[in-house]
Amino acid sequence: MNAIENLMTRRSIRKYKSDMIPKEIIDKICEAGTFAPTGMNRQSPIIIAVTNKETRDNLSKLNASIMGTESDPFYGAPVVLIVLADKSMPTYIYDGSLVMANLMLSAHEYGIASCWIHRAKEEFETDDGKEILRSLGISGEYEGIGHCILGYADCEHSEARPRKENYVYHID
């Protein structure tokens, strides 16, 4: 698939099979994330790839509690890629957002479904979130940007909704 087709056919998926994605595909998706543009190429973001079911389930519970629900905010996806970015960089939110986009688009290229799940910021402000970073030897002032959940879709891909009017303005 060409890049434009990839951009126009990717959809957020909210129902996943429990089948694990091969590690080599996860690694390729993560690598694509590392090639996202960042302010002055400072590469402020980091990616934490979670494939351990117990850790994934604990993150899901933490995220659900922040959202005020008991349902799985990761929709059953077996893989969670957490993007955080160094708050000392003035472009950290944009940098992390571009990493998220690269992750979702590269996943689609490999036939892997994805969805951006919020509340990473709040998660990594908790003691549990800070402990995850400490356990990985990550120090510094990182803010959670988002979770890119990955898995094999357990539903049909929807068609794109029509684009709104006046989305693009031209100055000629």
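The values are calculated or read from the model by the stated rules, or taken from the named source; none is laboratory data. What you are looking at is a predicted structure, and each value in this text was computed from that prediction instead of being measured. When we count neighbours, we look across all protein chains shown, and the Cβ atoms used for this are built from the backbone with ideal geometry, even at glycine. The accessibility values were calculated without ligands, DNA or RNA, using every heavy atom of the protein model including side chains. Shrake-Rupley method; radii C 1.70, N 1.55, O 1.52, S 1.80 Å.
Within segment 130-172, restricting attention to residues that are out of contact with any strand residue (DSSP E or B) (no Cβ under 7 Å at 6 or more places or on another chain) and under 23 Å from Tyr16 (Cβ atoms), the residue that is modelled with the lowest pLDDT is His157.
Looking only at residues in segment 87-114 that are among the small types (Gly, Ala, Ser) and over 18 Å from Ser139 (Cα atoms), the one that is surrounded by the fewest Cβ atoms within 10 Å (Cβ to Cβ) is Gly111. Residue pairs whose Cβ atoms lie under 9 Å apart, sitting 6 or more positions apart in sequence or on different chains, and linking a residue in segment 159-172 that is under 18 Å from Asn6 (Cβ atoms) and touching a residue at least 24 places away in the same chain (Cβ under 8 Å) to a partner that is of a type in the set (Val, Ile, Thr) and open to solvent by less than 100 Å² (accessible area, probe 1.4 Å), are Ala160/Thr9.
Residue by residue through segment 87-102, note down the ones that are part of a helix (DSSP H, G or I) and either over 11 Å from Gly146 (Cα atoms) or out of contact with any strand residue (DSSP E or B) (no Cβ under 6 Å at 6 or more places or on another chain) (or both).
Here is the first cut: in segment 87-102, the residues part of a helix (DSSP H, G or I) are 92-102.
Within segment 87-102, Tyr92, Ile93, Tyr94, Asp95, Ser97, Leu98, Ala101, Asn102 meet the criteria.
Look at (1) assigned to a helix (DSSP H, G or I); (2) out of contact with any helix residue (DSSP H, G or I) (no Cβ under 9 Å at 6 or more places or on another chain) and you find that Ala107 fails only one, number (2).
Could you tell me whether any residue of segment 115-124 is open to solvent by less than 20 Å² (accessible area, probe 1.4 Å), assigned to a helix (DSSP H, G or I) and closer than 23 Å to Gln43 by Cβ? Looking for residues that are open to solvent by less than 20 Å² (accessible area, probe 1.4 Å), assigned to a helix (DSSP H, G or I) and closer than 23 Å to Gln43 by Cβ, one finds at least one in segment 115-124, hence yes.
Only residues that are assigned to a loop (DSSP other than H, G, I, E, B) and not acidic (Asp, Glu) were counted across segment 1-56, and they come to 21. Residues of segment 142-159 that are surrounded by 11 or more Cβ atoms within 10 Å (Cβ to Cβ) and either over 17 Å from the mean Cα position of the chain (by Cα) or small (Gly, Ala, Ser) (or both): Gly144, Gly146, Gly151, Ala153, Asp154, Cys155, His157.
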